[in-house]
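Structure first, then comments.
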Amino acid sequence: MILLPKEIQKMFIDVGNDKGVYLEGNIIKMMVDTDEEFKQYLNTSLEKDSENRKKRLELTKQLQTKNSELEQKQVENDQLMDDLKDALEEAENAKQDALKDLNILQQKTQFELIGNIVKVALLVILCVGIIVTMMYVFAMSTESTETTLIGNTWSNLFGILLTNSFSIIGTIMGVKYADSREPKSNEK
């Protein structure tokens, strides 16, 4: 037990009355009360200590509750982030697949277009050749005097048609070759 001198007891009582500051904790139980006024001070100190402990306990419980809620929210946020990363990865894979499919479709379309152009070019060459040949045969069968002129025209026309057809086919193949190459990155 602790016995305080009257001056110190008076000082504790004055601080409690003036400032509202009282002793706290187990030290209160160790004090010996010598007069009624100090006994009342110690009782007030015990009551205030009890109230403060209850407030601190309630605050601690609230903080623990909030902390557990925050931890739960963090777990949910982490799960959402993982889900978002997975969704982003799936979207990126779907984009890559779509780009591959588009590239294949474009190449198929280009190949079909090239095939159609070649067919039409060959058909035009064949038709012109047949028409000019028929004109030449007709001129020879009618014993026309224009056979020399038609013969030279026929010969020139076939030369021009063959040259142009090979030029068209060469150009188409060059474009196809140029499109099929992978672009090179600039290295420094």
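Regarding Thr145, is this residue surrounded by fewer than 13 Cβ atoms within 10 Å (Cβ to Cβ) and modelled with pLDDT under 80? Considered against the rule, which asks whether it is surrounded by fewer than 13 Cβ atoms within 10 Å (Cβ to Cβ) and modelled with pLDDT under 80, Thr145 comes out as yes. Inspection of region 99-109 finds no residue satisfying the criterion of being part of a helix (DSSP H, G or I), surrounded by 10 or more Cβ atoms within 10 Å (Cβ to Cβ) and over 37 Å from the mean Cα position of the chain (by Cα). Please tell me if Ala87 is under 30 Å from Ile172 (Cβ atoms), among the small types (Gly, Ala, Ser) and surrounded by 10 or more Cβ atoms within 10 Å (Cβ to Cβ). No; evaluated as a whole, the condition is false for this residue.
Within region 126-141, is there a residue that is of a type in the set (Phe, Trp, Tyr), surrounded by 11 or more Cβ atoms within 10 Å (Cβ to Cβ) and over 44 Å from the mean Cα position of the chain (by Cα)?
Of region 126-141, the ones of a type in the set (Phe, Trp, Tyr) are 136, 138.
Subset that is surrounded by 11 or more Cβ atoms within 10 Å (Cβ to Cβ): 136, 138.
From what is left, the residues that are over 44 Å from the mean Cα position of the chain (by Cα) are 136, 138.
Among the residues of region 126-141, at least one is of a type in the set (Phe, Trp, Tyr), surrounded by 11 or more Cβ atoms within 10 Å (Cβ to Cβ) and over 44 Å from the mean Cα position of the chain (by Cα), which makes the answer yes.
Of the residues screened, Met140 is one that is in contact with a Ser or Thr (Cβ under 6 Å, 6 or more places away or on another chain) and either aliphatic (A, V, I, L, M) or outside any helix (DSSP H, G or I) (or both).
Return yes or no: is Thr109 closer than 29 Å to Thr163 by Cα, among the polar types (S, T, N, Q) and in contact (Cβ under 8 Å) with a residue 12 or more places away in the chain? For Thr109, the condition - closer than 29 Å to Thr163 by Cα, among the polar types (S, T, N, Q) and in contact (Cβ under 8 Å) with a residue 12 or more places away in the chain - is not met. For region 125-139, filtered to residues that are of a type in the set (A, V, I, L, M, F, W, C) and at pLDDT below 80, the residue that is farthest from Ile169 (Cα to Cα) is Ala139.
When region 29-69 is limited to residues that are touching a residue at least 12 places away in the same chain (Cβ under 8 Å), in a helix (DSSP H, G or I) and hydrophobic (A, V, I, L, M, F, W, C), the one that is surrounded by the fewest Cβ atoms within 10 Å (Cβ to Cβ) turns out to be Met30.
The values are calculated or read from the model by the stated rules, or taken from the named source; none is laboratory data. Computed from a predicted model, the values in this text were never measured in an experiment. FYI the Cβ positions are ideal-geometry reconstructions off the backbone, even for glycines, and counts take in every protein chain you see.
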